[in-house]
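Reviewing the structure listed below.
The values are calculated or read from the model by the stated rules, or taken from the named source; none is laboratory data. Computed from a predicted model, the values in this text were never measured in an experiment. No Cβ is skipped: glycine too gets one built from the backbone with ideal geometry, and neighbour counts run over all protein chains shown.
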Amino acid sequence: MKVLNKLFKFRERGSKLTTELLGGLITFIAMIYILPLNASILSDMGMNRDGVFVATAIVSGVISIFMGLYGNFPIVLSAGMGVNAYLAYVIYTALGSWQAALIVMFLAGVIFLLLTLTPIRVKIINAIPNDIKLIIGAGLGAFIAFVGLKNSGVIAMDTATLVTLGDLSKPEVILSVVAILVVMCLMFVPNKNIQRLAIPIGLVATVVIGIILHYAIFPENFLLPHYDTAAKWGGRGIEEVAFGIFKDGEFWITALKNPSTYAFIFSLIFVNLTDTTATLLAVGRGAGIVDEKGNLIGGKKVVLADAVGAAVCAPIGTSTVTSFAESTVAVELGAKTGLVAVTAGLLFLLSAFIYPLFSIFNSPAVLSAALVCVGASMFVGNLKDINWNDRIVGFTAFLTVVLVLLTYSISDGLGFGLIFYCLAMLVSKRGKEISPMLYGLAGLYIVYFVIKTIVG
């Protein structure tokens, strides 16, 4: 206890050892779906599915542990959803080999790391006004909740209206709805201890309810637990993908001579910068390591740990590892230190070899309950502190949150909101209230959207 407290300072930050360990466990459970999903997406480029699975687990574990020990921040990292699809379906299509595609990601990661080693990245974070930071947190919360509803089937696609209510006759959708309601109701009981533990209690209750529903109503659908039979034991397959970008110089020639490569690099760097900034600010506010002005305390270590993850992923054989919004699960439980990241990191390393034992948690109902309730807490917690008396801030909040959801991209929604905010402040003759760096960030977003339009 003394050694751990000296290392992570959880008592100084108002937390407990059990809270930190539980936070790491629950965050890992909320993120375990990433491993098979990332392996499935990258296998569409011709990569070995099992190898990507193991590589993602190893890199996620190592970098999360580094974040916890070096940054002492409750941020868990893994393969970024969205970036992996961009890699597999845009960059790979343009370059023709998964090795060339990963080379592009490697170059972007190295540049991002070099950028982080300078004061620029922290200055960008600190140049963002506090109201915009609150809006980012609210948008991130709305996005997390939407992802939970979508992945569970509670929200479904519709050709006429884009989205609609899912099929409530499906047992898995029914269980997801029940799980969300159980966790949300637990968040409002008078007992404060139950409120703080609403998510883990709700997840356990979901497993129990799923088994009861199976035996009482849906005998043909054994909802929980279930196993991922596609994943293998023992960490096999890593040799098929690790260091593949260094095995043939032709892949480098293919990547470097293609003009689109440089647009891809810019896009990846920019998405890394904005997405991770949003996550760090949102989680940092809840953990008490963002000051009253919205600036990160000890931010240099945190952003460096995150940037190292972006640089090492491609050589090992996976897509960019980045800070994950699911880390707010631990913060909502009261966790505030890097012990969360170390705990989750160790479990990621373990899952590289014995994933089938963890796959019982990879249920849409379990994930949806955690994501929806955490997202709702983030949304409400950030939105209530925004200065609604400022109409420009209010309109920026509306545009950002709505477009984060409708574009299914935190980065794109933030970009449109930030561009509008700068324009509105200029036309209202309040432009001097904004840092020049914020104008530069809005200008980069404009360039980003232009490049994104050109390269598809």
Checklist entry - What are the residues in segment 304-317 that are at pLDDT below 85 and buried (at least 24 other Cβ atoms within 10 Å of the Cβ), if any? => result A305, D306, G309, A310
Checklist entry - Looking only at helices (runs of 4 or more DSSP H) that fall completely inside segment 142-257, which ones have 2 or more residues that are at pLDDT below 80 and among the β-branched types (V, I, T)? => result 198-216
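Here is a yes/no grid of residues against (1) of a type in the set (S, T, N, Q); (2) surrounded by fewer than 18 Cβ atoms within 10 Å (Cβ to Cβ); (3) in contact with a helix residue (DSSP H, G or I) (Cβ under 8 Å, 6 or more places away or on another chain); (4) closer than 24 Å to K452 by Cα:
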| site | (1), (2), (3), (4) |
| --- | --- |
| T56 | yes, no, yes, no |
| A85 | no, yes, yes, yes |
| A88 | no, no, yes, yes |
| L102 | no, no, yes, yes |
| F112 | no, no, yes, yes |
| I124 | no, no, yes, yes |
| A127 | no, yes, yes, no |
| I132 | no, no, yes, yes |
Checklist entry - So which residues in segment 400-425 are aliphatic (A, V, I, L, M), crowded, with 19+ Cβ neighbours inside 10 Å and at pLDDT 95 or above, if there are any at all? => result M425
Checklist entry - Does any residue of segment 312-328 turn out to be of a type in the set (A, V, I, L, M, F, W, C), part of a loop (DSSP other than H, G, I, E, B) and in contact with a Gly (Cβ under 7 Å, 6 or more places away or on another chain)? => result no
Checklist entry - Being surrounded by fewer than 18 Cβ atoms within 10 Å (Cβ to Cβ), in a helix (DSSP H, G or I) and at pLDDT 85 or above, is that true of even one residue in segment 371-384? => result yes
Item to check | Any pair with Cβ under 9 angstrom, 6 or more apart, that starts in segment 409-429 at a residue that is touching a residue at least 40 places away in the same chain (Cβ under 8 Å) and ends at one that is not in a helix (DSSP H, G or I) | outcome: S409/G82; I410/G82; S411/G82; G413/T407; G415/S409; L418/I128; Y421/P129; Y421/I434
Checklist entry - Pick from G413, G394: which is assigned to a helix (DSSP H, G or I), within 28 Å of I63 (Cβ to Cβ), more than 15 Å from the chain's Cα centre (by Cα) and of a type in the set (G, A, S)? => result G413
Checklist entry - Failed condition for P74, given (1) of a type outside the set (D, E, K, R); (2) more than 20 Å from the chain's Cα centre (by Cα); (3) more than 26 Å from A255 (Cβ to Cβ); (4) surrounded by 24 or more Cβ atoms within 10 Å (Cβ to Cβ), with all others met? => result (2)
Checklist entry - Is one or more of the residues making up segment 40-54 surrounded by fewer than 24 Cβ atoms within 10 Å (Cβ to Cβ) and either in contact with a Ser or Thr (Cβ under 6 Å, 6 or more places away or on another chain) or among the basic types (K, R) (or both)? => result yes
Checklist entry - What pairs come up if the first residue lies in segment 187-216 and is in contact (Cβ under 8 Å) with a residue 60 or more places away in the chain, the second is crowded, with 19+ Cβ neighbours inside 10 Å and among the charged types (D, E, K, R), and their beta carbons are under 7 Å apart, counting only those six or more places apart or on different chains? => result I199/E332
